[in-house]
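Down below is the structure, laid out as C-alpha cells.
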C-alpha cells in the first residue's frame with residue numbers, strides 16, 4: 001500500500017538486468033526491489049519534509065555537533081532528543097546561549113532528525129514569523145490557514161525568540177497557535193500567559209558561554225589552506 005507497483009517493477013527490471021544478481025531467485029530479487037523502492041520512498045519523503053521546514057542549515061546533523069566540555073550537551077542526550085516522538089509527546093524545548101553559541105545549528109539538527117523520523121517541522125525566526133502572521137491578517141482565509149499550519153505541525157522551531165519586540169496582533173496569534181514567552185510582548189497579561197505556557201515542564205538546554213562562531217573562525221584561520 002505504501003508503494004506504486006511501477007516503482008517496484010522498474011527496480012525489479014534493473015536488478016534482473018544486473019549480472020551480479022544471477023545467483024538470486026526471482027523471489028529474492030522481488031523482495032530486494034520492494035525494499036529498495038520503500039527506501040527510496042522514505043528518502044523522498046524525508047527530503048520533502050526538510051525542504052518544507054525551511055531550515056537555514058539543511059545539512060545540520062546530530063552526528064556533527066561539537067560535544068566539547070562546558071557546552072551542556074552529550075551524544076546520549078542529543079540522541080534522545082533526536083529520537084523523540086514530538087507528535088505523541090508534545091514537548092517544549094528551550095535552547096539558550098549567548099550570541100554565537102550554536103543555538104541555530106543545534107535547533108536545525110534536531111529538526112532534521114525529526115524529519116527523518118517522519119515528523120512535519122516548521123522552522124522560523126521569531127521576527128519573520130510575526131511578520132507573516134501580521135501580513136496574513138489581511139486575508140482571513142490565509143490567516144486561518146497559517147494558524148492551522150502552525151498548530152498542526154509536529155515540531156515548530158522558533159529561532160531568535162523574542163530578541164526583538166512584536167506587536168499585539170502577532171502576540172495574540174502566537175498565543176493562540178503555539179507555546180510562547182516574555183516582556184517584549186506589548187500585552188503584559190498575554191506575556192505572562194505565554195511565559196507560563198512555554199516554560200512549564202519545558203526541557204532546557206544551556207549551551208554555556210562558548211562562542212562557537214568565533215571558535216570555528218579561529219580553527220579555520222589555523223588551517224594550512226586558509227587565506228584572506
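Derivation of every value follows stated rules applied to the coordinates shown; laboratory data play no part. Predicted model, so just to flag it, every value in this text is computed and none were measured. Neighbour counts are summed over all protein chains in view; Cβ atoms, including those assigned to glycine, are modelled from backbone coordinates with ideal geometry.
Direction-averaged projected area, Cα convex hull, segment 47-115: 5.0 nm², rounded to one decimal. How high is the FRET efficiency from residue 128 to residue 209, r the C-beta distance, R0 25 Å, rounded to 0.05? In this case the efficiency is close to 0.35. Each of residue 44 and residue 223 was given a label point 7 Å from its Cα along the Cα-to-Cβ line. The distance between the two points is 3.6 nm.
Can you tell me the length gained on complete extension of the stretch residue 94 to residue 202, counting 0.36 nm per residue apart and subtracting the Cα distance? Full-extension gain reported as 38.2 nm. Our summary of shape: the Cα atoms of segment 1-120 have principal axis extents of 59, 27, 24 Å, ordered from largest down, in whole angstrom.
The average projected area of segment 5-53, computed from the convex hull of its Cα atoms over all directions, is 3.7 nm². Residues 227, 86 in ascending order of nearby Cβ atoms (within 10 Å, fewest first): 227, 86. Each label was represented as a point 7 Å from its Cα along the Cα-to-Cβ direction; for residue 16 and residue 83 these points are 4.1 nm apart. The label point for residue 216 and the one for residue 149, both projected 7 Å from the Cα toward the Cβ, are 2.7 nm apart.
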